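Read through the structure below, which is laid out as C-alpha cells, and then see the notes.
None of the figures in this text is laboratory data; all of them are computed from the coordinates on show. Note that the coordinates shown come from a computational prediction; the quantities given were computed from them, not determined experimentally. Note that we place each Cβ from the backbone using ideal geometry, even for glycine, and neighbour counts take in every protein chain shown.
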Amino acid sequence: MIVRKDEGFPERPVIIVLYGTAGVGKTSMFNTCNNPILIDCDRGADRAINRQDTIIAKNWKEVIQDQAELKNYLTVGIDTAKAVLDDYLMIHVTEVDYTLKKNKLKAYGAIGDEFKLFINSLRSNGSDIVIIAHAKQEQDGDLMKQSPDVTGQSKDLILRIADQVGFVRMENNHRTLSFDPTDKTIGKNVARIAPQEVPDESDPRFNTFMADIIEKVKKSIRTQSEDQIKSQEMILELSDELAKCTDSDNLMAFSAQCSTAPESVKAGMRKAIADKVTKLGLRFDKTENKFVPNVEI
C-alpha cells in the first residue's frame with residue numbers, strides 16, 4: 001500500500017517497552033492495558049496485581065500453539081524480553097537447526113528473525129504490544145546507564161521497533177514512569193509523554209493506566225501525521241506563491257510571509273527560495289536587509 005504525501009497514515013498498533021528492577025510492578029502495570037493477555041516466560045505473573053489472562057508456556061512451541069488465540073485480545077504482553085529471546089527462542093532455533101549450537105552469531109540472527117515474525121503476526125491482528133524487561137546497568141562512554149536487560153543485537157532490535165521505551169523505578173516510595181532518555185537511562189519518547197507517578201493500586205486511575213498511555217501514544221502519532229499533511233499543503237501553497245515572485249520586492253514580501261510558518265514548512269521551502277533567488281539573479285544583502293542584484297565586483 002502506498003500512502004501519498006497528502007494522506008494520513010492509517011492507525012496502527014503500537015509497541016511499548018517497560019523496563020525496571022525486579023519487583024517494581026511492571027507486570028501489574030501491564031495488567032491495566034485494554035483487554036490484555038500476558039505471555040509469561042519469567043514465571044512472575046502470579047505475583048502481579050489484578051492478574052489478567054495469561055499464557056504459561058514451557059517452551060516457544062507452546063507459545064506458538066496458543067498464537068491463534070492472541071487475536072482475541074487487544075494488547076499482548078511479553079514478559080520478559082530476555083526470557084523469550086535468550087531462553088525460549090534460543091532453544092527453539094537450535095532445535096530447528098542444530099548447527100546453530102556452534103554458531104552463536106548466526107543463532108542470534110535466527111532468534112531476531114523468529115521474533116520479528118511473531119511481532120508482525122501480532123501487529124497484523126491489530127494487537128498493541130507491551131514488552132517487559134528487567135533493567136541492568138551498562139557502560140555508555142564514561143557513564144553508567146540503566147538499560148533493558150536483553151542480549152546484544154536482540155536489544156537493538158527491540159529498541160528500534162518500539163514506539164516508546166519507559167523506565168519504571170521507585171522514587172521516595174512512589175513508582176514513577178519516564179520515557180525520556182537521560183544520562184542515566186535509556187528511553188524513547190515519540191509521544192512526548194511527561195515523566196509521571198504511577199497511581200497506587202487503590203486509586204481508580206490505576207485501573208486504566210497503561211490503556212491510557214497507549215491511547216496517548218496513538219493520538220500523538222495520528223496528530224503528527226495530520227501535522228505533516230498540513231505542512232505539505234502549506235508548502236504547496238507557498239510554492240505557488242513563490243512561482244509568482246518576479247523581483248526583489250516580491251521576494252521580500254514572500255520571505256515575511258514564510259517567517260510565520262512552522263519550522264517544518266520553512267525547512268521545506270529553503271532550497272526552493274534559494275533556487276528562486278539564483279534564478280532572478282539576486283542575493284541577500286545583510287547591510288540593506290533586502291535582496292539586491294547579484295553583481296560581481
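Numbers for the structure displayed
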read-out	value
Cross-link partners of Lys184 among aspartates and glutamates (Cα-Cα below 12 Å; sequence separation of 8 or more within a chain)	Glu138, Asp140, Asp142
Unsatisfied cross-links (Cα-Cα over 19 Å) in the set Lys106/Lys155; Lys106/Lys136; Lys106/Lys188; Lys244/Lys276; Lys82/Lys216	Lys106/Lys136; Lys106/Lys188; Lys82/Lys216
Label-point separation in nm, Asn289 to Thr182, each point 7 Å along Cα→Cβ	4.4 nm
Cα-centred dipole magnitude for the stretch 104-166, charges only on beta-carbon of K, R (+1) and D, E (-1), debye, nearest 20	200 debye
Shape category assigned to the stretch 58-116 from the gyration tensor of Cα positions, a/c cut at 1.5	prolate
The chain, relative contact order in percent, only Cα pairs under 8 angstrom and at least six apart counted	19 percent
Per residue convex hull volume, Cα atoms of the stretch 179-297, in Å³	171 Å³
For the chain, the longest site-free run once trypsin sites (Lys or Arg not before Pro) in DSSP loop states with at most 16 other Cβ atoms within 10 Å are removed	59-183
Among Gly109, Val96, Val84 the positive-end extreme of the charge dipole of the stretch 82-123 (Cβ point charges)	Gly109
Overall form of the stretch 1-130 per C-alpha gyration tensor (a/c, 1.5; a/b vs b/c)	oblate
Helix 263-279 vs. the chain, principal-axis angle (Cα, 0 to 90°, nearest 10)	30 degrees
Cα gyration tensor shape of the chain, rounded if a/c is under 1.5, else prolate or oblate by comparing a/b with b/c	prolate
Student exercise, the chain dipole from Lys, Arg, Asp, Glu Cβ charges, in Debye to nearest 20	500 debye
Fraction of beta bridges assigned by DSSP in the chain that are antiparallel (%, nearest 5)	40 percent
Reach of Lys230 by Cα under 17 Å, taken over lysines that are not fewer than 8 positions away in the same chain	Lys5, Lys219, Lys266
